[in-house]
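S.K.: My structure is below; once you've seen it, I'll send some questions.
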């Protein structure tokens with residue numbers, strides 16, 4: 001190998017910081033140049049790209065689901081803004097408890113209270129029906145409460161829920177007839193002297209409540 005070629009090869013090797021024995025002959029020089037070219041490939045860029053691919057992107061935490069109880073309370077306050085959130089939550093909680101106890105729809109209790117009193121717990125009708133669920137003194141006494149106790153939302157919901165349960169049983173789970181009996185008395189239904197307007201209005205309100213809860217993301221969990 002002449003001195004010029006040796007100098008060129010030495011300079012190339014020094015530039016990449018590799019120590020090796022200088023080859024002899026043109027064939028060896030070409031092999032060395034090919035090896036040097038391979039070493040000079042951008043290996044670091046490839047490794048960097050792989051590291052970036054491994055980077056974990058943080059997930060955005062999901063908002064906790066709102067409870068069914070909160071949804072019912074929100075519906076109450078949307079209908080009657082004089083009811084506080086605390087009062088509405090207490091009503092909703094009691095309705096859920098009575099619904100579970102009696103195996104009836106909590107939304108039905110919510111709808112009946114809407115139709116009967118618009119969620120005024122101190123409501124009194126011209127026929128002297130009292131409270132949130134607008135039940136009579138006799139029903140309160142049969143449940144072990146004084147008539148004045150019907151102004152307590154918890155008592156009113158319990159008495160009203162029991163009466164709805166009784167009417168569903170009397171009329172073989174026919175909701176329209178049961179609600180009519182709740183409003184006009186079972187005697188009127190048995191005699192065929194009744195109007196289903198109250199029942200139809202209340203059942204429509206059940207549907208509206210369900211839509212309200214669904215759109216609001218209240219899951220019942």
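The values are calculated or read from the model by the stated rules, or taken from the named source; none is laboratory data. For clarity, every value in this text was computed on a predicted model and none was experimentally measured. We place every Cβ from the backbone using ideal geometry, glycine too, and count neighbours over all the protein chains shown.
S.K.: Quickly run through the stretch 189-221 and pick out the residues that are under 12 Å from the mean Cα position of the chain (by Cα), assigned to a helix (DSSP H, G or I) and exposed (fewer than 15 other Cβ atoms within 10 Å of the Cβ).
M.R.: 214, 215
S.K.: Condition test on residue 184, is it without any contact (Cβ under 8 Å) to a residue 40 or more places away in the chain, crowded, with 18+ Cβ neighbours inside 10 Å and in the same structural domain as residue 73 (by TED's automatic domain parsing)? Working first, answer last.
M.R.: On the way: without any contact (Cβ under 8 Å) to a residue 40 or more places away in the chain: yes; crowded, with 18+ Cβ neighbours inside 10 Å: no; in the same structural domain as residue 73 (by TED's automatic domain parsing): yes.
So residue 184 fails the test.
S.K.: Look at residue 172 and say whether it is modelled with pLDDT of 95 or more and either surrounded by fewer than 15 Cβ atoms within 10 Å (Cβ to Cβ) or not in a helix (DSSP H, G or I) (or both).
M.R.: For residue 172, the condition - modelled with pLDDT of 95 or more and either surrounded by fewer than 15 Cβ atoms within 10 Å (Cβ to Cβ) or not in a helix (DSSP H, G or I) (or both) - is met.
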